[in-house]
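Trainee: One structure, as structure tokens, below. Some questions next.
Throughout, read-outs are computed from the coordinates displayed, never taken from laboratory work. None of the values given here were measured: they were computed from a predicted structure. Ideal geometry is used to build each Cβ from the backbone, glycine not excepted, and the neighbour counts take in all protein chains shown.
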Amino acid sequence: MQIPAPFDYVRASSVDNALALLDRHGPESRVVAGGHSLLPMMKLRLARPDWLIDINDLYELDYLLVDGPVLRIGAMTRHTTLLESDDVRRLFPIITDAERVIADPIVRNRGTIGGSLCQADPAEDLSTVCHVLEAVAVVRGPNGERMLSMADFHRGPYETAVAQNELLIEVRIPIRARSASAYEKVERRVGDWAVAAAGASVTLAAVGTISHVAVGLTAVGLDRNVTEVEAVLVGQAPGEELFALAGRLAALACDPLADQRGPIDYKRHLADELTRRVLRVACSRAAASVFDLTLQEG
Amino acid sequence: MTILEDRPSNPAAGDHDRPIGHGRMQRKEDPRFVRGKGHYVDDIVLPGMLHGAILRAPVAHARLVSIDTTEALAHPKVLAVITGSDLQALGLAWAPTLSMDVQAVLVTDKVRFQGQEVAFVVAEDRYAARDALELIQVEYDVLAPVVDARKAMDPDAPVIRDDLEGRTDNHIFDWEAGNKAETDAVFASADVVVKQEIVYPRVHPAPMETCGAVADFDPIEGRLTLYETTQAPHAHRTLFAIVSGIPEHKIRVVSPDIGGGFGNKVGIYPGYILAVVGSIVTGKPVKWVEDRSENLMSTSFARDYIMQGEIAATKDGKILALRTSVLADHGAFNATAQPTKYPAGFFHIFTGSYDLAAAHCTVTGVYTNKAPGGVAYACSFRVTEAVYLVERMVDILARKLEMDPAELRLKNFIKKEQFPYPNKTGWEYDSGDYEPTMRLSMKMAGYDELRREQKEKRERGELMGIGISFFTETVGAGPRKDMDILGLGMADGAELRIHPTGKAVVRISVQSQGQGHETTFAQIVAEEIGIPPEDIDVVHGDTDQTPFGLGTYGSRSTPVSGAAVALVARKVREKARFIAAAMLETRPEDLEWEKGRWFVKGDPSVGKTMAEIAMGAHGTVALPEGIDGNLDAEVTYDPPNLTFPFGAYICVVDVDPGTGHVKVRRFIAVDDCGTRINPMIIEGQIHGGLTDGVGMALMEIIEFDAEGNCLGGSFMDYLIPTAMEVPDWETGFTVTPSPHHPIGAKGVGESATVGSPPAVVNAVVDALAPFGVVHMDMPCTPARVWEAMQGRTRPPV
């Protein structure tokens, strides 16, 4: 049994209550959702909060809602819910792809999207996914709500724009027609952190060319989308040569570190290889959905 | 006789399977485990029990300047803080290891590996004990560490063991087996010689239950009761008596349910000794249970062999000779557990399953600033390393000769008629019939079809690999004439009592860590005396309740203790004959045995069942001279030889050419462990061992950085396989009974761990053949496989 340093514990009963508790207990208090990042760090005594504010009773934040042009995901939505949702699979297959390779069923039953995004581990998958999908984070604090783009929300490894007295309450993902997405990860073992991963979202124009694209990378030192690929992909017809070009650009854009998961050149190679793969899958999925759409319209 | 049988169609035994003797039946111990009623060391709670925690060194090599325990002692819940100098005063600062070295219980002079024990806190609860560790102030003078075993013998390498008088380097031992001159001569005239450095990196057994102890010293009686996670309770008791000075009859070691051992729980760790000292000092029971990081960083590792292999053959594929020199990294203390005469364990069975003209090996052991250990993780005393070496070398030779690796093996096997086979390094293989086992595995795999599929895939640029391993194990240590551990012969005892109503209790000296002893040993008795296994209780793990013996490791329970149990049952059966004769008023020689009953020859209706005889033994019938009024017996079994189980494993992998990710698609395992007592338990052992093997081949490694920091100190860093990494195992078997074992059984517990890593690595290397890869070291992680594809294979250490 690994024993954390002493701490106090309180269960929040509502979002407002959680915010009040954060305010009351100050900077040495931490919110715990699924707990799969925070608790291991506490057991290793790498994290030593004085107070744990448990928000697992905030069922009000556990929802998935298609609301006009956006998918609204409550911050306490569990990975399993995302993985099993038909709406998610239909609208954003990148989320389903990613969830399938996040940890294991036990962790997915407990872990939440809000916890993942707020932990902002550099090898965390949903941060990349939300960047790629151009999600908006809804953060609530004593002064009300603010909406942050992922670029503003996600400041770097283990760092977000959520202040100590704020709570991420919702993630909003814009729904685009004629679009599809994909995610692929390489890991040493199921449940290990990614050696590297990539995600892509693609929108096709009526003529079949790429009208909008986003590519993101996980665990290779890039806390933003690979914007370099957009200029070369947009307006082009999908194809292997184009994907290969995008892959090369992704490999150049990333900045991985060598560790037990692999050396730098391998991770760059994966950035390249996985970028090509996710673009290939996303484009073919998008083409299939356009075809479905045409059938329905026709 | 060799019998080839197909796997039974219904591998899961149901309630209807109630063999009286050998056969498939569900494990008797499982109801308590599946209902959460197992009782482990950490479940033990004694009145007034205190809790201990160990402060561990944060660096790998450092002189200890000072320890200040004042603040920790001031913690309101702390009762004692024990340091190395306290132990020194008691003469307990150093304890003997199982390899005739000594190991620091607590650091007195110098830290020698990261995670080494520095101080022990005893507190009212385990939280306080853990918190108080942070209140101990230690000053270290950090020294340059020796991390790379290859540099341990450099003239300017820091001397790790300056505690040993006269020690001026990090050399532990040189050991050799086989005939060097003869081997060199064969190599000199061979058509083909191939060489390869092969590294078996450091791995960790990582049992689900970590190590721990509850020590309860009674100062009035001078009696110590020690509940421990140990695979060898009797050996531990003797060693505790020698080290502590507490008389052996006043020590009771209890090993309750154990959550996995794999060799990790053979040695005596400082924590056990500290729990005892804590109990003596406080006068109360003290529990110490290590956490996962402590287990991974400080307890017995396995392997860490850097092997230079060479194999010689004729150009048409007759293997002539093998030789190897090994550099063995033993960590900071030589604490490997193996028979005393064999500092490299049984590594010299590296000649494998092949009929060679010559063989020679040398092994050099060195100290490094790493955790001690060396023989652990289901290795059969380093047979794992030996099998890995020979099975890789044979594959490398096959590549060189452009021969099919199955064909090369079949051509070079020791032939059935050559058994008992004396190999070139001093072993006498008791029995074997390798070709049918190999053929069965190939048939189950559809070997030719797999090769065809591989050829097609290669043409399409797909990477598919087929790996073969044919292993021979040597297990069941061992004959007292040449095997002992610290002077204790490697025998095992068994006692059997039949109660008046015909129910039995058998007491054994070996200890289960999950192997199913309570079932297997009941079945052995049942087979011999014909009462159902349900009516036979197996008692183990408590030195006050069981006869002396050396315990469970090296797959020795069935070969040694299983033999003891069979023989004690036969002794009871023979005694029953005399009692039955008295009851039937006839002569013993006029009786005939059928399972469970003695009857009068020629008149089967007149006889006595074991239950009747048991009642008779304790009853009033007049007994013949020399027959006591009971139906009990005891034996101690000294095995005449080891047993030599073997098996043919075939692994099929697919490698993603873009990422280097390896997927084990199929694994076919045909095992021959002689007589099969409970096939379901055997299959369970095989499944577990194969999973271990896939883990070691693909992901497991304990790495260190240049400062000697352990990089495998948690399950986030030390990966062990899950159900997702392993295929649906395809198991089969042949039966070649051991000629010297009373029931023909051989050990099987470690076969799959020993045999499977080379099969997986051979498959990966085979998949990478289009890239010109002839060898890559474990672990075959995606990154390392990709590097191999780039022509940049590198050793893991």
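Trainee: For a test of the definition: using alpha carbon positions, the gyration tensor, and the 1.5 limit on a/c, classify the stretch B:491-637 as rounded, prolate or oblate.
Mentor: prolate
Trainee: Here's a follow-up. Please give the contour-minus-distance gain from residue B:35 to residue B:169: 0.36 nm per residue of separation, less the Cα-Cα distance, rounded to one decimal in nm.
Mentor: Extra length from residue B:35 to residue B:169 when fully extended: 42.9 nm.
Trainee: Turning to a different aspect of this structure: Dipole of the protein assembly as shown, Cα-centred, from +1 at each Lys and Arg C-beta and -1 at each Asp and Glu C-beta, to the nearest 20 debye?
Mentor: Charge dipole of the protein assembly as shown: 1060 debye, to the nearest 20.
Trainee: What is chain B by shape, rounded, prolate or oblate, if you read a ≥ b ≥ c off the alpha carbon gyration tensor as root eigenvalues and call it rounded for a/c under 1.5, prolate for a/b larger than b/c, and oblate otherwise?
Mentor: Oblate is the answer for chain B, as a/c is 1.5 or above yet b/c matches or exceeds a/b.
Trainee: To continue, here is another question. Per-residue HN-Hα couplings for the stretch B:435-443, Karplus 6.51 cos²θ - 1.76 cosθ + 1.60 at θ = phi - 60°, whole Hz, x for Gly and Pro?
Mentor: 4, x, 5, 4, 5, 5, 5, 5, 5
Trainee: Just subtract the alpha-carbon distance of residue B:148 and residue B:188 from 0.36 nm times their residue separation and send over the number in nm, one decimal.
Mentor: 11.2 nm
Trainee: I want to verify a result. In a Gaussian network model of chain A, Cα cutoff 10 Å, which of these has the top mean-square fluctuation: A:39, A:274, A:64?
Mentor: A:39
Trainee: Quick one: net charge of residue B:178's neighbours, Cβ under 12 Å, K/R +1, D/E -1?
Mentor: Computed value for this residue: 0.
Trainee: Report the label-to-label distance for residue A:284 and residue B:325 in nanometres (one decimal), using points 7 Å from each Cα along the Cα→Cβ vector.
Mentor: Taking the two extended label points, one gets 5.4 nm.
Trainee: Moving on to the next point. For the stretch A:70-85 and the stretch B:588-618, what is the separation of their C-alpha centers, rounded to whole Å?
Mentor: The two parts, judged by their Cα centres, are 72 Å apart.
Trainee: Now, a different point. Between the stretch B:312-361 and the stretch A:171-230, how far is it from one alpha carbon centroid to the other, in angstrom?
Mentor: Their Cα centres are 51 Å away from one another.
Trainee: May I pose another question? Let me check against my output: what whole-number percent is the relative contact order of the stretch A:63-174, with C-alpha pairs under 8 Å and at least 6 apart?
Mentor: Rounded, it is 29 percent for the stretch A:63-174.
Trainee: Which of the pairs B:315/B:400; B:110/B:265; B:575/B:595; B:315/B:457; A:43/A:267; B:503/B:595 have their Cα atoms more than 20 Å apart in this structure?
Mentor: Checking Cα-Cα distances, B:110/B:265; B:315/B:457; A:43/A:267 exceed 20 Å.
Trainee: Could you work out, residue by residue across A:190-196, how many beta carbons of other chains sit within 10 Å of that residue's beta carbon, and then give the average as an integer?
Mentor: Counting other chains' Cβ atoms within 10 Å and averaging over A:190-196 gives 4.
Trainee: Now for a separate question. At 7 Å along the Cα-to-beta-carbon direction for both residue B:341 and residue A:16, put a label point, then send me their distance in nm to one decimal.
Mentor: Distance between label points: 8.3 nm.
Trainee: While we're looking at this one, here's another question. Would you pull out the residues with amide H under 5 Å of residue B:210's amide H, same chain only if 5 or more places away, H placed 1.01 Å from N?
Mentor: Residues meeting the amide H criterion: none.
Trainee: For residue B:159 and residue B:88, what does the FRET efficiency come to when R0 = 25 Å and r is the distance between their Cβ atoms, rounded to the nearest 0.05?
Mentor: The value I calculate is 0.75.
Trainee: Still on this structure, I have one more. Using a simple charge model, +1 on the beta-carbon of Lys and Arg, -1 on the beta-carbon of Asp and Glu, nothing else, what dipole does chain A show about its Cα centre, in debye to the nearest 20?
Mentor: Its charge dipole is roughly 420 debye.
Trainee: Another question about this same structure. For the stretch B:707-781 and the stretch B:442-487, what is the centre-to-centre distance using only Cα atoms, to the nearest Å?
Mentor: So the two Cα centres are separated by 9 Å.
Trainee: Sorted by packing (mean other beta-carbon atoms within 10 Å per residue), highest first, where do A:104-110, A:207-213, A:169-175 land?
Mentor: Per-residue Cβ counts within 10 Å, averaged per peptide and sorted highest first, yield A:169-175, A:207-213, A:104-110.
Trainee: So what's the net charge close to residue B:50: Lys and Arg +1, Asp and Glu -1, counting the other residues with Cβ under 14 Å from its Cβ?
Mentor: After counting each charged neighbour, the total is +2.
Trainee: For the protein assembly as shown, what percent of Cα pairs sit more than 51 Å apart?
Mentor: Of all Cα-Cα pairs in the protein assembly as shown, 30 percent lie more than 51 Å apart.
Trainee: Hey, what did the stretch A:179-290 get for relative contact order, percent, Cα under 8 Å, at least 6 apart?
Mentor: Relative contact order, the stretch A:179-290: 33 percent.
Trainee: Distance in nm between label sites at residue B:197 and residue B:730, each 7 Å beyond Cα in the beta-carbon direction?
Mentor: 3.7
Trainee: Which shape class, rounded, prolate or oblate, goes with the stretch B:49-199 when its Cα gyration tensor gives a ≥ b ≥ c as root eigenvalues, a/c under 1.5 marks rounded, and past that a/b bigger than b/c marks prolate?
Mentor: Prolate shape, in that a/c is at least 1.5 and a/b is the bigger ratio.
Trainee: Still on this structure, please answer the following. Extension gain residue B:102-residue B:606, at 0.36 nm per residue separation less the Cα-Cα distance, in nm?
Mentor: Answer, rounded to one decimal: 175.1 nm.
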